[in-house]
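Every number here is computed from the coordinates shown, using simple stated rules; none is lab data. Here the structure is a predicted model, which means the values were calculated and not measured. Note: ideal-geometry Cβ built from the backbone for every residue, glycine included; neighbour counts use all protein chains shown.
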Amino acid sequence: MTRAQGAEGRSADKWPANAVRGEAGFVVAGRERVLRPTFAALVAAEQELGSLYALVERASEGQLRLAELAALFWHCLAEREGVEREEVGEAVTAAGLAGCAGPLRCLLGQILQGVR
């Protein structure tokens with residue numbers, strides 16, 4: 001199987017996050033995970049968090065709450081098997097805002113611009 005053929009079902013164990021596709025890597029429970037902002041993931045995040053545009057605005061104003069950040073990461077996890085939502089929140093806390101900035105920037109860029 002080529003890398004392209006395995007792209008849809010991949011995990012960070014097999015393939016790292018692909019920034020060109022709008023993916024980001026983030027460590028949860030000691031393991032690198034792929035955050036993939038698919039349509040379904042973003043719809044689920046929007047149902048919980050409200051307008052994604054408003055979320056982006058809050059982030060740009062420095063008003064994004066940790067719970068919102070953790071929820072966005074949770075919904076964008078490519079594989080949730082064996083991961084509890086609380087572990088994502090703990091990973092956000094452990095990484096700190098600086099450690100979350102790169103993955104968040106990647107996801108927000110995907111929300112605003114789509115796949116380039």
Take every Cα pair under 8 Å in segment 46-116 that's 6+ residues apart, average their separations, divide by the length, and report that relative contact order as a whole percent. 31 percent
Please identify, among Ala19, Ala54, Ala91, the residue showing maximal mean-square fluctuation in a Gaussian network model of the chain using a 10 angstrom Cα cutoff. Ala54
Expected 222 nm ellipticity per residue - DSSP helices of 4 or more, -39500 (n - 2.57), all of the chain, to 500: -17000 deg cm²/dmol
Please give the charge dipole size of segment 22-113, origin at the Cα centre, charges +1 on K and R Cβ atoms and -1 on D and E Cβ atoms. Round to the nearest 20 debye. 180 debye
Compute the distance in nm between two label points, each set 7 Å from the Cα along the Cα-to-Cβ direction, one at Val43 and one at Ala98. 3.9 nm
Which of the following values of Rg/Rh (Cα atoms, Kirkwood Rh) was calculated from the structure shown: (i) 0.92; (ii) 0.99; (iii) 0.94? (iii)
Could you work out how far apart the two model spin labels at Val27 and Glu87 are, taking each label as a point 7 Å from the Cα in the direction of the beta carbon, and quote it in nm? 1.5 nm
In terms of the charge dipole of segment 22-113, which places +1 on Lys and Arg and -1 on Asp and Glu at the beta carbon, the residue among Ala40, Leu66, Cys106 farthest towards the positive end is Cys106
